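Enquirer: Questions regarding the structure given below will be posed in turn.
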Amino acid sequence: MQTPQWGVEPVPERLRVLGTLDTFLLWTNLGISILVLVSAAYLGLSLKQAILATIVGGLIGNTMLSTAALIGADARVPTMVLQRAPLGQRGSYLATGLNVLQCLGWATFELIIIASAASALADRAFGFEAVWFWKLLFGGVATALALLGPIGFVRRFVRKFAIWAVLASIVYLAWWIPAHGHLHQLWSSGGQGGSFFAGVDLIIALSVSWIPLVADYTRFSTGRRAAFWGAGLGYLFPTLFQFGFGAILVLSHPSIQGPVDILTTIAAGGVASFLALLALTVDETDEAFANVYSTAVSLQNFFPVVSQRALIVACSVVATTGALSFDLTNYAQFLYLLGAFFVPLFGVLLADWIRHGMHYTRDDVFVGPAFRPAMIAAWLGGFALYEWLAQSQDLGFWTNFLGKLHPLDSQVGASLPSFALSFALASLVGLFAGRAIPQAAKS
């Protein structure tokens, strides 16, 4: 079933067909990524600490993701359109612009990683490298998947093909990684000086990074419960697998520094390893699909009358051209900076949704002032706190400026404090706004 070009208006009941299982399979598929598998290398923790950080961060991050999924199913509109409620009709454009930059950047980055991985596997098996060919091929695949829309993607791709290939790969890797991982030695050894709370923060951040996209898909869910449990559990299981088994992998093989290193290390195990990694490489296209589709849907918050399919094709062309033209290896730091905006933005959205009785009507989203300055200030205040505490990006002037502010030695990372601050500020704004309404009514 192909999804019609449904843009900014609430999705009608006849298209709300993705149940709990469909949503679960969608987010399980989106959650499996060789990029996340190698992210465990950045934890610098012992195996015990990494597993505990994975459980704590996964539960916190996926609770936030599933709540955002529920809000999206409740309002039945894309995530960036949903931001009209707390930020104002035009105030949402700021979040939309940042999300478009983020999604396009990640789509380009994903195509580079997928092409590099496929090239490494093809070179090993057939002596055929041609990275440019793989960039064009997977760019075309991402376009075709995005044109299916969420319902078609789940029913015609995920359920019939992708999820089975991914599950077979996971089962194999769940055997291969511990079998080649010296578990007994790792369990009793220490880490490399990494911070437990920084590790938790990284895992939270990776889960929360999907919040700007989640309602684009859960607006087609059958209800709030299907969205909450489907997205929450669907993304939690890949998070636990990839960081848990990823920690065993990178601690056992210190030479692994990136996705291509994972492929060349595991592919040395024989034909079965090669096939498992091939399936994961193909599945990586799902992330490119999601970023291309959500870029197009976000752009419709600016241009609601423009054809969604035309926007999808245009976004795919831009991402593929970027992958062919640039080396965006260092661009990931800038993408993480953009991601820092969306943790506090969720805090503002959640506070506003609770103030509206935990339910958004159409008027809450589409009728209101152009800007809500106080809510925007609450959002940006949370972002400023995040950057002050994190200071993890090497971005020249911005990093040097933050370094002079002497940040606190945060023991809970940056995600939770920035979320808490923006939520508290937005709640105060809502409280005073609620008090002002009776006064205005009397006058």
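The values are calculated or read from the model by the stated rules, or taken from the named source; none is laboratory data. Quick caveat: nothing in here was measured; it's all calculated off a predicted structure. Positions of Cβ are generated from backbone atoms using ideal geometry, with glycine treated the same way; all protein chains shown enter the neighbour counts. The accessibility values were calculated without ligands, DNA or RNA, using every heavy atom of the protein model including side chains. Shrake-Rupley method; radii C 1.70, N 1.55, O 1.52, S 1.80 Å.
Enquirer: Counting only heavy atoms of the protein chains, get the accessible area per residue of the range 160-226 (1.4 Å probe) and round it to a whole Å² value. Mind showing how you got there, number by number?
Expert: Values: 3140 Å² over 67 residues.
Normalised by residue count, the accessible surface of the range 160-226 is 47 Å².
Enquirer: How many nm is it between the label spots at Ala433 and Ala168, if each spot is 7 Å from the Cα in line with the beta carbon?
Expert: 5.2
Enquirer: Another question about this same structure. Diagonalise the Cα gyration tensor of the range 1-111 and give the resulting equivalent ellipsoid semi-axes, square root of 5 times each eigenvalue, largest first, whole Å.
Expert: Working from the Cα gyration tensor, I get semi-axes of 30, 19, 16 Å.
Enquirer: What percentage of the solvent-accessible surface of the range 105-183, computed with a 1.4 Å probe over protein heavy atoms, is contributed by carbon and sulfur atoms? Working shown, then result.
Expert: Values: 2350 of 3430 Å².
After summing per-atom areas, the C and S share lands at 69 percent.
Enquirer: Nearest 0.05, what FRET efficiency do Val313 and Arg90 give at R0 = 35 Å with Cβ-Cβ as r?
Expert: 0.80
Enquirer: Now for a separate question. Can you tell me the accessible area per residue over the range 85-134, all protein chains present, probe 1.4 angstrom, in square angstrom?
Expert: Computed with neighbouring chains in place, this is 37 Å² per residue.
Enquirer: Have a look at the range 97-192 and give its Rg and Dmax from the Cα atoms, expressed in angstrom.
Expert: Both quantities, over Cα of the range 97-192: 18.1, 50 Å.
Enquirer: Starting from the Cα of Asp123, step 7 Å along the direction of its Cβ; do the same at Ala377; then give the gap between the two resulting points in nm.
Expert: 5.5
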